[in-house]
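Okay, structure first, notes after.
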Amino acid sequence: MIVVFGSINIDLVVPVERLPRPGETVLGPHYTLVPGGKGANQALAAARAGGQVRMIGRVGRDGFADLALAELKAAGVDLSAVERDTLPTGCALIPVDRAGGNLIIVASGANRAAVERQVADALLGPETLVMLQMEVPLAENWRLVERAKRRGARVVLNCAPAAEVPRATFAALDWLVVNESEAELLARSLSLTAADARSAGRAIAEAVGTTVIVTLGGEGVIAFSGVDVWTVGTLPITPIDTTAAGDAFVGAFAAAMAAAADLPTALHRASTAGGLACTIAGAQPSLPTKTAIEGRLRDLAPARRA
């Protein structure tokens with residue numbers, strides 16, 4: 001079982017010729033409302049990748065709420081612990097340029113009211129993998145990590161969007177997933193010296209004793225796990241929209257680990273999923289199925305020791 005405690009949003013996606021500079025207005029021809037939120041995206045990615053998933057979070061009592069939950073419901077994600085709040089459903093504003101690049105502004109809304117008590121003790125145990133991000137109140141995350149570890153659950157944290165993590169929390173994580181800027185921020189927060197994202201990931205792993213996975217965009221992924229260092233490249237694709245690539249990676253990684261895969265196998269599957277997510281516009285519409293992932297595994301070399 002994968003338990004996701006995190007954000008649930010509606011994404012308002014606008015195609016543009018190029019992303020605006022500060023103070024500049026850029027026109028787009030239309031917009032699309034798409035379910036999103038890092039928590040919901042990763043829950044859906046894990047479910048489509050073959051995982052049994054329960055989503056836990058908050059939405060509003062507004063017209064966006066049912067739309068925000070629609071894809072999760074269709075994928076068979078358990079939504080029984082999603083609560084309604086007087087705050088509006090979270091919303092992300094996302095311009096996407098012709099090359100697939102984007103900017104993201106998130107209005108948190110009901111996500112600010114998510115609390116770790118929504119996760120029942122009965123859901124936490126050795127058979128559970130808890131998946132967290134950084135779009136709900138962080139103190140609630142840290143309390144859930146502590147409780148999950150006491151009860152024997154495994155925990156993966158995607159430190160996105162970037163923010164500091166208590167040192168004691170790091171030690172309770174089984175896997176930490178970060179991109180380049182997040183790796184460098186976390187290294188600085190721990191007073192670690194690092195010249196780049198790779199050295200930051202290594203330094204964090206050595207300092208806190210957890211497996212650190214650094215996504216490197218077009219350069220692939222590197223993972224530091226004890227004395228082992230694993231790398232995997234990127235799927236050969238023409239990107240259309242990179243919005244949910246990271247969420248596809250984390251969700252597919254969690255699904256693989258929940259199914260007892262080893263680390264290099266999970267990294268290979270996750271990187272394939274992340275690449276596939278870049279080939280379709282929008283967040284949740286782009287998240288690949290297990291069949292799609294397995295159909296492209298041969299197009300990406302397996303993870304190898306660095």
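Looking across the stretch 265-289, just one residue is surrounded by fewer than 18 Cβ atoms within 10 Å (Cβ to Cβ) and more than 30 Å from residue 93 (Cβ to Cβ), and that is 265. If only residues of the stretch 69-92 that are under 20 Å from residue 160 (Cα atoms) and among the small types (Gly, Ala, Ser) are counted, the one that is surrounded by the most Cβ atoms within 10 Å (Cβ to Cβ) is 90. Of everything listed in (1) assigned to a helix (DSSP H, G or I); (2) out of contact with any Ser or Thr (no Cβ under 7 Å at 6 or more places or on another chain); (3) more than 28 Å from residue 50 (Cβ to Cβ), the single unmet condition for residue 98 is (1).
Taken together, 279, 265, 243 contain a single residue that is in contact (Cβ under 8 Å) with a residue 12 or more places away in the chain, more than 30 Å from residue 10 (Cα to Cα) and under 20 Å from the mean Cα position of the chain (by Cα), which is 265.
The set of residues from the stretch 1-42 being in a strand (DSSP E or B) and of a type in the set (Phe, Trp, Tyr) comprises just one member, 5. The set of residues in the stretch 11-44 being modelled with pLDDT of 95 or more, under 21 Å from residue 110 (Cα atoms) and among the aliphatic types (A, V, I, L, M) consists of 40, 43, 44.
As a summary of the residue check, residue 1 satisfies the conditions (1) modelled with pLDDT under 95; (2) farther than 23 Å from residue 280 by Cα except for the one numbered (1). Note on the stretch 15-33: residues that are closer than 21 Å to residue 161 by Cα and either touching a His at 6+ places or on another chain (Cβ under 8 Å) or surrounded by 11 or more Cβ atoms within 10 Å (Cβ to Cβ) (or both) amount to 2. A Cβ distance below 7 Å, combined with a sequence gap of six or more or placement on separate chains, defines the contacts here; from the stretch 33-49, residues that are without any contact (Cβ under 8 Å) to a residue 24 or more places away in the chain and on the phi > 0 side of the Ramachandran plot reach no residue that is hydrophobic (A, V, I, L, M, F, W, C) and surrounded by fewer than 24 Cβ atoms within 10 Å (Cβ to Cβ). Determine if the stretch 142-149 includes at least one residue that is under 21 Å from residue 251 (Cβ atoms), surrounded by fewer than 24 Cβ atoms within 10 Å (Cβ to Cβ) and not acidic (Asp, Glu). Checked against the condition, which is being under 21 Å from residue 251 (Cβ atoms), surrounded by fewer than 24 Cβ atoms within 10 Å (Cβ to Cβ) and not acidic (Asp, Glu), the stretch 142-149 yields no hits at all. Going through the stretch 170-186 one residue at a time, which ones are over 13 Å from residue 205 (Cα atoms) and assigned to a helix (DSSP H, G or I)? Result: 180, 181, 182, 185.
Filtering the stretch 96-103 for residues that are charged (D, E, K, R), over 28 Å from residue 149 (Cα atoms) and surrounded by 15 or more Cβ atoms within 10 Å (Cβ to Cβ) leaves a non-empty set.
The values are calculated or read from the model by the stated rules, or taken from the named source; none is laboratory data. Keep in mind it's a predicted model, so treat the numbers as computed, not measured. All Cβ positions, glycine included, derive from the backbone under ideal geometry; neighbour counts span all protein chains shown.
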